[in-house]
Amino acid sequence: MPSSREHWNHIYAAKPTDRVSWYAPHLERSLATIEGLQLPPDAPIIDVGGGASTLVDDLLARGHRDVTVADLSAIALQHAQQRLGQRAQEVNWLTGDITRMALPHQHFAVWHDRAVFHFLTDPEDRQRYVAQCRQAVRPGGYVLVATFGLHGPERCSDLLVARYDADGLHDAFGAEFVKVSSLTETHTTPWGTEQEFVYCLCRTGI
């Protein structure tokens, strides 16, 4: 059985980046939420599982100067780096398992994750993920996580997923993450299938 790293490298090697189910030309919901926080341009933002997503392009275009993209797949990150060209040098790229990688202490103003957390079906993996948020996000910082909703798919890329409503997603993080807002979005895949996503924005204790 291939490792998680091998699995995702195979996905990104086998398919164009605009033919994976989670692809969107722009992550409009995430962008609108982050912009609504009215952060200074130098506020550190991490896109967890950012892979080949265009969020990094759009953050740079909006003047954000401290952006980190983390992903398990080096191939996914290479796609993003090639797309950005010279601007890739302005980004901090991290390759590895977000539940285990070394992250700076209380550094990030925003932790963004669209479609990673729902792959963590093992409770211990979820606990490690939340612990990473707790230690890497600064007091008063924000955690924006999007997962499949309760009516979303049960599997993605041949893997089982966990599905959430907004309250369940917040509960997975715990009371020290204060819920700010939530919303449900219908995402349309490149081949026209609709998928329910739930977004939950929390703030860490100050």
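Annotation for the stretch 116-123: at least one member residue is crowded, with 16+ Cβ neighbours inside 10 Å and either at pLDDT below 95 or in a loop (DSSP other than H, G, I, E, B) (or both). Looking across His107, His118, one residue alone is under 13 Å from the mean Cα position of the chain (by Cα) and either under 23 Å from Arg29 (Cβ atoms) or not charged (D, E, K, R) (or both). It is His118.
Summed over the stretch 74-125, the residues that are under 21 Å from Arg5 (Cβ atoms), in contact with a strand residue (DSSP E or B) (Cβ under 7 Å, 6 or more places away or on another chain) and of a type in the set (A, V, I, L, M) give a count of 9.
All conditions in (1) crowded, with 17+ Cβ neighbours inside 10 Å; (2) free of Cβ contacts under 8 Å to residues at least 40 places away in the same chain hold for Ile46, with the sole exception of (2). Within the stretch 139-185, the set of residues being under 17 Å from the mean Cα position of the chain (by Cα), under 23 Å from Leu31 (Cα atoms) and of a type in the set (Val, Ile, Thr) comprises Val143, Val145, Thr147, Thr184. If you go through the stretch 147-198 and keep only what is in contact with a strand residue (DSSP E or B) (Cβ under 7 Å, 6 or more places away or on another chain) and among the hydroxyl-bearing types (Ser, Thr, Tyr), you end up with Thr147, Tyr164, Ser181, Ser182, Thr184, Thr186, Thr188, Thr189.
The values are calculated or read from the model by the stated rules, or taken from the named source; none is laboratory data. As the structure is a computational prediction, the values presented were derived from the model and not from experiment. Note that we place each Cβ from the backbone using ideal geometry, even for glycine, and neighbour counts take in every protein chain shown.
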